[in-house]
Amino acid sequence: MPLIKNKQIVADTWQYVGDEAAIPADGGVIVSLARWQAERSVLVGRNAPLGIRLKSDESAEAIADDLPRFDVVALEFPTFKDGRPYSTVRLLRERHHYTGELRAVGDILRDQLQFMRRCGFDAFEFADETAAEKAISAFDEIEAVYQTAADWRRSAAMIRTDTANAFLNGTCG
Amino acid sequence: MYLYDTIDQSLVDQRVEQFRGQVRRRMAGELSEDEFKPLRLMNGLYLQLHAYMLRVAIPYGTLSSHQMRKLAHIAQRYDKGYGHFTTRQNLQFNWPKLEETPDILAELADVQMHALQTSGNCIRNVTADQYAGAAADEVADPRITAEVVRQWSTLHPEFSFLPRKFKIAVTGSSRDRAAVRVHDIGLVVKRDEAGAIGYQVIVGGGLGRTPMIGATVRDFLPKRHLLSYLEAILRVYNQAGRRDNMYKARIKILVHALGAEEFIRRVEAEWEAIRDSAVDLPAGEHDRIATFFAPPRFEALPNNDGEFARYRLEDREFAQWARTNVAPHKQLGYAIANISLKPEGGIPGDATTEQMNAIAAIAERFSFGEIRVTHEQNLVLPHVRQADLYGVWQTLKSHDLATPNLGLISDIIACPGMDYCSLANARSIPLAQDISKRFADLRRQHDIGELKVKISGCINACGHHHVGHIGLLGVDRKGEEYYQITLGGSADENTNLGKIVGPAVPYDKVGSAIETITNTYIGLRADGESFLDTYRRVGNDPFKETLYAAH
Amino acid sequence: MAMQVISANRLVDGLVVYMTGGGGWSERIADAQAVTGKEVGEVAMAAARVAEEARIIVEPYLIDIDESSGERRPTRYRELIRAKGPTVRLDIGKQAEL
Ligand code: SF4
């Protein structure tokens, strides 16, 4: 499926492996939380890149201790209205300091991308190429933000305080 | 009033263009109605019974004359010459065209307004005490907090797809005019013994299908922690709130299911992890926002202005209005003037273009250009010199805006009901019109005294019927409009939910039922007892007897 | 058997419209094509969904009507209000234009 990373469509090198399917000997695979919990030792011994996929009701805490083992964590939106992954992804980035790829999968639509990126997602899986292409411009529609979040953008309040301080320190021209 | 800086302005401007693009994509067929609906709702655009409806946010009910004129202009140019002020301090236009909505939003952005988050499962437009900055009983100005919350909640990346809508209300007085106990979060701004500002935090109140009174989760939260604490509450709710059943998705159900204690434990645990992060405002920003709410340049005036007293003696009609519609101001020589949007036989909350323009002009001349919207669907001129009250009243009167009925039986809250709303079971407005005509005699209204009638056209309770002294709820009985009557509700600091008094009554029997209820009260009341006092003393039974004996 | 017509809201302005015999849409219920019976109703609904796909209208559905008084009226009160306009503002809506 087309994948957006860094505002570009890139090739997806990962493969999802269903819970019943055999795990290929090499290449990156993404497995479910259930499979990870059941076949942990096999997966660790495999010596190839590993990713995990969480459903929207599975929490960041469930994988917190194992995060260094995953190169990708995919969070599933069963429908775009299910907002739980927004919290999960922030916790992974901000609380558990996960630095690997955080991928949004499932019902991914253009108009939610701005929120997803702010919360820490850096890869977005689309159902088709045209939709993905048209979605890229959605990242830059609104520049100002009022909150601090996992994208480390400076909030309106921070910018205002900076400006005020610069003024007081005389560096403001 | 708060004024946008370039950051605030760029956000609403770009949001308008974003919506323009969404409308274009809908028209071009790139978005289906299913995909477009949540997008338009995020901008307050509904599809109602007759047409689209645009709900414009009036943050914490504060409007300038300039903004009011813009609303009047939009009503004239894009709608049918009127607007409807709602119980959430918003304004609804009933007839906008989809293709013109982006232009309407651009016009709003010109005067620092928007329709952001007036619908959808997000943090809705924050509401506050309409007397903020003016009330004699105010401890601290709730608008500062409300503006802080408005900014934080605007396009919040994590909380734009919550299990259900989320409403926050703020008050800064001991008298609660913002109904904070029936909101998802209610904040009471207060001072501790050392005089420092903080909040009582109330969570899990709400009306609707399962009305509940909120639980206090914090007695005193220091001011600087507000946003991290709110973020902790919302995060617990976003993760644990039910998503399988929309009728059980509000935070009140979660608080109830977990129990207040467990809910608080989870919130506190989450808060511990984020309390010293950058979520809270940097030092200085709160003060920057606060400066916008500094008191206007009041004149040093004596209290009880002589002219004001003289006109009250000379003009009985004015005296009557002053008695009901004028409230004490914290500044000597000033007063708060309420504009009733409930004329006899009128539509509660509706104002015409002409009236909006007139109010804008009066506010400009006599109230530092400020207007407030109340959750009881009236307007307020917050800072009027006592000496000017007579002139203000005369002008209001010439625009049919001086009905002296604030808090009386004809000051009715009514949701749009089946006349406009696609979710309604029954009409609300005609009942309000009928009641206000039956009780048109002002002496009779005064004799009955304070009595709040609140009407909702369906269980969504936009008309707050649960907290009406008399509440009316429209129900559908085999295609006929029936109304369930509740008694004894109240939305103030002693919040109570009304009790159903008996079987629902048909549309044409409601007026006489209200008469029976008020007559019963008059027969039972002790000296000086209000309707609510009497009700609390005697309970439902005497009312039930007279009501159902008569039918 | 109950007579029905198809109603919807027009996409561009949201106004209440009714499907006519030619597959068009009219603001007046009098212009609507009446259908009787489940199957005929389904055929008409299929045509309405085509119009929805074509972005002319949104949310089409069948409503019951009654013509026994000589005038065509929806049987449900809600639909009567949609066909005429708000009962509290007789000066606006379709009722004002009739
Ligand atoms: S209470 Fe029901 S009928 Fe009234 S406005 Fe709300 S949703 Fe509509």
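Here are some notes:
- Bridging of residue A:7 to lysines at a Cα separation below 22 Å is possible for A:134, once same-chain residues fewer than 8 apart are set aside.
- HN-Hα J in Hz across region B:131-143 - Karplus 6.51, -1.76, 1.60, θ = phi - 60°, x for Gly and Pro: 8, 3, x, 10, 5, 5, 9, 7, 8, 8, 6, x, 5
- Cα gyration tensor of region B:6-110 - equivalent ellipsoid semi-axes, whole Å, descending: 22, 17, 12
- Computed with every protein chain present, the accessible area of residue B:310 is close to 110 Å² [probe 1.4 Å].
- Area buried, chain A against chain B - accessible surface, total, 1.4 angstrom probe, square angstrom: 3300 Å²
- Annotation for residue B:196 and residue A:61: the two label points, set 7 Å from Cα along the Cα-Cβ direction, are 3.0 nm apart.
- Calculated FRET efficiency for the pair residue B:292/residue A:42, C-beta based, R₀ 60 Å, to 0.05: 0.45
- Here's how it looks for residue B:172: its modeled amide H is under 5 Å from those of B:129, B:189, which are all 5 or more places away or on a different chain.
- Pairwise Cα separations in the protein assembly as shown fall into 10 Å bins from 0 onward with the following percentages, short to long: 2, 12, 21, 24, 20, 13, 6, 2, 0, 0.
- Relative contact order %, region B:47-141, counting alpha carbon pairs below 8 Å whose residues are six or more apart: 37 percent
- Close amide H contacts of residue B:333 (hydrogens built in the peptide plane, cut-off under 5 Å, sequence separation of 5 or more or a different chain): B:303, B:304.
- Structure remark: mean-square fluctuation, Gaussian network model of chain C, C-alpha springs under 10 Å; the largest value among C:12, C:88, C:40 belongs to C:88.
- Extending 7 Å from Cα along the Cβ direction at residue B:9 and again at residue B:478 yields two label points whose distance is 6.3 nm.
- Applying D = kT/(6 pi eta Rh) to region B:134-292, where Rh is the Kirkwood radius over alpha-carbon pairs, T corresponds to 25 °C and eta to 0.890 mPa s, the Stokes-Einstein value obtained is 153 µm²/s.
- The phi-based Karplus calculation (6.51 cos²θ - 1.76 cosθ + 1.60; θ = phi - 60°) puts the 3J(HN,Hα) values of region B:69-82 at 5, 5, 4, 4, 5, 4, 4, 6, 7, 10, 10, 10, x, 7 Hz, whole numbers, x for Gly and Pro.
- Computed over protein heavy atoms with a 1.4 angstrom probe, the accessible surface ordering of B:95, A:152, largest first, is A:152, B:95.
- Accessible surface of the protein assembly as shown [probe 1.4 Å, protein heavy atoms]: carbon and sulfur percent: 50 percent
- The smallest convex shape that holds all Cα atoms of chain C, its convex hull, gives 96 Å³ per residue.
- Solvent-accessible surface (1.4 Å probe) assigned to residue B:520 amounts to roughly 20 Å².
- Interface size, chains C and B: roughly 2200 Å² of accessible area buried, both sides included, 1.4 Å probe, rounded to the nearest 100.
- Within the listed set A:161, A:88, A:13, the Gaussian network model of chain A (springs between alpha-carbon atoms below 10 Å) gives the highest mean-square fluctuation for A:161.
- Interface residues of region C:62-98, defined as a loss of at least 40 Å² in heavy-atom accessible area between the chain alone and the complex of all protein chains with a 1.4 Å probe, are C:77, C:78, C:81, C:86, C:88, C:89, C:92.
- Comparing the full protein assembly with the isolated chain, the residues of region B:324-352 losing at least 20 square angstrom of accessible surface (1.4 Å probe) are B:347.
- Each Cα pair under 8 Å and six or more residues apart adds its separation to the average, and for chain B the resulting relative contact order is 13 percent.
- Accessible area of residue B:452 in the full protein assembly, 1.4 Å probe (Å², nearest 10): 50 Å²
- Chain B, helix-only ellipticity at 222 nm - DSSP H runs n ≥ 4, -39,500 (n - 2.57), divided by all residues, nearest 500: -11500 deg cm²/dmol
- The value given for region B:86-217 is a Kirkwood hydrodynamic radius of 16.1 Å, derived from the mean inverse Cα-Cα separation.
- Excluding exposed DSSP-loop GluC sites (Glu not before Pro) (at most 13 other C-beta within 10 Å), longest clean stretch of chain B: B:300-551
- Taking Cβ separations below 4.7 Å as the criterion for a possible disulfide partner, the isolated cysteines in chain B are B:122, B:421, B:458.
- Accessible area ranking (1.4 Å probe, heavy atoms, ligands and nucleic acids excluded), largest first, for B:406, B:313: B:313, B:406.
- Simple spin-label estimate for residue B:268 and residue B:526 in nanometres, 7 Å along Cα-Cβ: 4.2 nm
- The phi-based Karplus calculation (6.51 cos²θ - 1.76 cosθ + 1.60; θ = phi - 60°) puts the 3J(HN,Hα) values of region B:96-112 at x, 8, 4, 5, 9, 4, x, 5, 4, 5, 5, 4, 5, 4, 4, 10, 6 Hz, whole numbers, x for Gly and Pro.
- Mean separation of Cα pairs under 8 Å and 6 or more residues apart, divided by the residue count, gives region B:413-550 a relative contact order of 19 percent.
- On the beta carbon distance between residue C:39 and residue C:96, with R0 = 56 Å, the FRET formula returns roughly 0.90.
- Heavy atoms of the protein chains alone define the surface here; on that basis the protein assembly as shown has 39 Å² accessible area per residue at 1.4 Å probe size.
- Value in Å of the Kirkwood radius, where region B:413-550 supplies the Cα pairs that are averaged: 14.9 Å
- Compactness of region B:306-398, taken as the C-alpha radius of gyration over 2.2 N^0.38 Å, stands at 1.03.
- Over 29 Å between alpha carbons, listed pairs B:397/B:544; A:55/B:248; B:252/B:499; B:80/B:397; A:55/B:97: B:397/B:544; A:55/B:97
- About the Cα centre, charge dipole magnitude for the protein assembly as shown (Lys/Arg +1, Asp/Glu -1 at Cβ), debye: 920 debye
- For region B:19-177, convex hull of alpha carbons as volume per residue, Å³: 124 Å³
- The simple Förster model, with R0 at 56 Å and r as the Cβ-Cβ distance, assigns residue A:21 and residue C:66 a FRET efficiency of 0.40.
- Interface burial in region B:81-121, defined as at least 40 Å² less accessible area with all protein chains than with the chain alone at a 1.4 Å probe, covers B:95.
- 5 angstrom amide H check on residue B:407, placed H, neighbours 5+ away: none
- Taken over the alpha carbons of chain B as equal point scatterers, the Debye sum produces base-10 log I(q)/I(0) values at 0.07, 0.13 Å⁻¹ of -0.39, -1.46.
The values are calculated or read from the model by the stated rules, or taken from the named source; none is laboratory data. None of the values given here were measured: they were computed from a predicted structure. Quick reminder, even Gly has a Cβ in these numbers, built from the backbone with ideal geometry, and neighbours come from all protein chains shown. Heads up: the accessible areas ignore ligands, DNA and RNA and are worked out on the full protein's heavy atoms, side chains in. Shrake-Rupley method; radii C 1.70, N 1.55, O 1.52, S 1.80 Å.
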